[in-house]
Structure formats: C-alpha cells, structure tokens
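Notes to accompany the following structure.
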Amino acid sequence: MSQRSYLDWNATAPMREEAKSAFAGALAVAGNPSSVHAEGRAARRLVETAREQVAALVGAQPGDVVFTSSGTEANMLALTPAIQTAGERQPRSRLFLSAIEHASVRAGGRFAPEATEELPVGPDGRLDLGALAAAIAKTPRPLVSLMLANNETGVVQPVVEAAAIVHAAGGLLHVDAVQAVGRIACDMGALGADLLTLSAHKIGAAKGAGGLIRAREDIHFPEPLIRGGGQERGRRAGTENVAGIAAFGAAAAAARSSRHAEAAHMAALRDRLEAGLQTISPRVVIFGNAHGVDHGAGHGAGHGVGRGVERLPNTTLFALEGMKAETAVISFDLEGVAVSSGAACSSGKVQPSHVLAAMGVSVPLRRGAVRVSLGWSTTLADIEKFLGAWRKLVSALSKEQRGIAA
Ligand code: PLP
C-alpha cells in the first residue's frame, strides 16, 4: 500500500521524537515519584522537569500545574462550584459555557444541569460577547468556560475580551486550550485565563496525560475529583503516569520552541488545500474561511456560515451540499487519506455537529461537514493526495446527482 496521509491531527497528533525518547527514558526508571530513595527521586525529577516545561509553554508557574489523565479530566476538575480564591470562599452558583465547547465541558463538570447555562455563538462561530455580559450580570461569582479555539472549525474565540467581561463581574474564566496550544499564542497572563486545560496527545506526547493550570496560587480546588494519596499536592490522587508526563513535558518544550515555524508551515499548506478545494468545487463551503466570502447565502437557515475570522493555522472544516460526511470520510480513507467528519467521537458513530448547529448552519450542510487538520510533519504531497481524492469524490458525486436528476 502506498504511504498514507494522516490529516486528522485535531483528533490526535503523532508522537514527537522528543516525546518518544522522554517516554522510553522514563520507562527505564523504576521508582515511584513519592518514594524517598534514589529511584523514587529519579522519577520525581522527571515529573518536576515536565511540570516546568508544561508551565513554560503557557507562561505559568510550575507549582500551578496539576497533572491529570487527560484534557477531559482537567475540564472536570476545573468545573466545580467549590473552586475558591483567597478573596472569595463562597461556592460558585452558576457555570456559563459557550454552545460550541467540547463534550467534556458541555457535561458541566460538577455543576447541576440546572446551574449550567449555554451561551450562543454568532454565524462566524465566535462567542457572542453581548450575550455573555448579559447572562453573567446578575450572577454573583460566575464561573465561565470558553475554549481558545474550536476543535471542529478551528475558529479562535475572543478570550481576552471575554476575560475582561468575566473579571469585571467578579467571575473566574476557565479556558480549554487543548486545540490551540502549540498552534497559536497561549500565554495565560496575556489571555486573562484563571484556569487552563491542556491535553498531552494533541501536542505530540502520548495519550493519557493532561493538565489543569491555574494562573495564581490563590485559586484553590478544595474538592479533588480523585481522592486517596496526597499526589499533586492533594489535588489529584494516584501514582503519577511518569512516562506520559515526561513525554508531555518534552512535547511542551518542543512545541514552545518551534511554534512559529510550525504554524507558518501549517498555514501555507492549509491555504494551498483551501485554494485547491475551491478550484475543484466552487460551491464548497469552508466554515470561518478568511477569504471574506459569505458562503451561507442559500445554504444556511437564514444565516451565513461566517465571514473571515481568525482560525487555527491547521484546521479546515468544509462541506458540500449533497455530500454525506460518513461517505466522504470512507472514500478518503480508501484513497489513503485520514480525515474526520466534524468531531471525531468516541463511539465511532457520527453525531450531527453541535458546533455547526450553534452557528445556524442548515441540516444538509451539517451532515456533509468534513474536517481536515494538519500538523508539523504534513507535507505538500499529503495535500496533493488529499486534493486528488477530493477531485475523484466530487466527480463521483456529480455523476450520482446527474443520475438522480435524469
Ligand atoms: N477539549 C477539546 C477542545 C478537545 O478537542 C478535546 C479532545 O478532542 C478535549 C478537550 C479532550 O481531551 P482528551 O482527549 O485529552 O480527553
């Protein structure tokens, strides 16, 4: 079989070489990081080095990083009414989140469903800041969760502006930066994030590690999700995933030093891919496309699907009316190209995208949304292969449609 092209980096990234070496090195260390002997101290050093590397990636202090098993767990840990700051020890009564958050945020953490409120996004896929301000105005101590970039569309959210609104209302802002980190600037101070979630496998480390990072030491998590031993300073019990954490640290260091070059590389290939998509199929809709074209006319439920907004440099979500995403993903796969239909989901079943629904995209277009996501090792040959497969698919589709019309 000729070489495959992996273009599903938002689902997971291949491991970086630096992360593989760190992972393998950690497997050779026998100790438990909580043990006081030399073997234990060696394991502890690996964990603490990784803590420094992960903190540096987002401009935080190492002591403010809690390692978890995943981005999902970090989101769960963050979203609790019990979260406290030095100045405020009352529980937080309500959680506000954008309608396009990942399922692990939409689950609402430890808030009751009736204490959780979804906020709308515009047709461009960005949070409606007016709706945020209005919603939290009457809530004392609101907790707000807003992702930095969306996993399906890649649309970057107005986090800095949201932080100003949330802080003016006496609230705390949690930012799910799982898809954004390593691709765009992600400094907690500059963003105004009080809490930030990361996932190791999205930046080229192993699956099964994540982190919740607080901006200041006066933010407390008095109710850990996992209780038992005193690991992670009592904030997350359980013997640490030393190899996974060491790989996370190494990937964070690599992502930090090569972000600018990698982002430029991905953006150039993404632009080539989108230009090719539009040449082959002029009716294609690219969600959040920055070319200033409103593709929504005639397709959306009375809405456009977005003029140009800032997106991640690696993500393209597109649709063509009449195309079914599942069929397209299978066709690409048979041609040796791995892409996904909107959000990859754990059950393998394709769910209609809540993100596109929140953007007001029509049902037929939503059903046809395919996500292509690139990474640091994607090549021009991968893009050409993808476009070759797309040409075939479009031609088969138009034959089928002519057949139906005949
Ligand atoms: N948040 C976002 C935006 C994601 O895209 C994902 C994974 O796809 C997660 C959270 C969950 O991360 P993990 O796979 O580490 O649980």
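Read-outs: derived from the displayed coordinates by stated rules, not from any lab. Here the structure is a predicted model, which means the values were calculated and not measured. Because the Cβ atoms are built from the backbone with ideal geometry, glycine has one as well, and the counts that use them run over all protein chains shown.
Helix 380-405 and the long axis of the chain differ in direction by around 50°, with both axes built from C-alpha atoms.
Taking a straight Cα-Cα cut-off under 20 Å and skipping sequence neighbours fewer than 8 places away in the same chain, no lysines fall within cross-link reach of residue 138. Calculated from the alpha-carbon coordinates, the range 17-254 shows an Rg and a Dmax of 17.6, 58 Å respectively.
If R0 equals 60 Å, the separation of the Cβ atoms of residue 220 and residue 261 corresponds to a calculated FRET efficiency of about 0.95.
Give the Debye-formula value of log10 I(q)/I(0) at each listed q (0.13 Å⁻¹), with one equal scatterer per alpha carbon of the chain, two decimals each. Log10 I(q)/I(0), no solvent term: -1.09. Report D for the range 2-152 in µm² per second (integer): Stokes-Einstein, Kirkwood Rh on Cα pairs, 25 °C, 0.890 mPa s. Stokes-Einstein gives a translational diffusion coefficient of 131 µm²/s. Once the Cα-Cα distance is subtracted from the 0.36 nm per residue extended length, the residue 363 to residue 227 segment shows a gain of 44.6 nm.
Exposure proxy shown here: for 69, 258, the number of other Cβ atoms within 10 Å sets the order, fewest to most, as 258, 69. Between residue 379 and residue 30, the simple label model (points 7 Å from Cα in the Cβ direction) yields a spacing of 4.3 nm.
Quick check for you: which residues of the range 360-387 have the amide N under 18 Å from the point 7 Å beyond the Cα of residue 280 toward its beta carbon? 368-375, 378-387, by backbone N distance to the label point.
Here the range 135-243 is assigned +1 on the Cβ of each Lys and Arg and -1 on the Cβ of each Asp and Glu. Its dipole about the Cα centre then comes out at about 200 debye. Each peptide in 127-134, 370-377 gets a packing score, the mean of other Cβ atoms within 10 Å over its residues, and the list from highest to lowest is 370-377, 127-134.
Which aspartates and glutamates does residue 324 reach when only Cα atoms under 14 Å apart count, and residues fewer than 8 places away in its own chain are ignored? Result set, ordered by chain and number: 400.
Within the same chain, lysines fewer than 8 places from residue 20 are excluded, and of the rest, those with a Cα less than 16 Å from its Cα are 202, 207.
Here the gap between residue 37 and residue 134, fully extended at 0.36 nm per residue and compared with their Cα-Cα distance, gives a gain of 29.3 nm.
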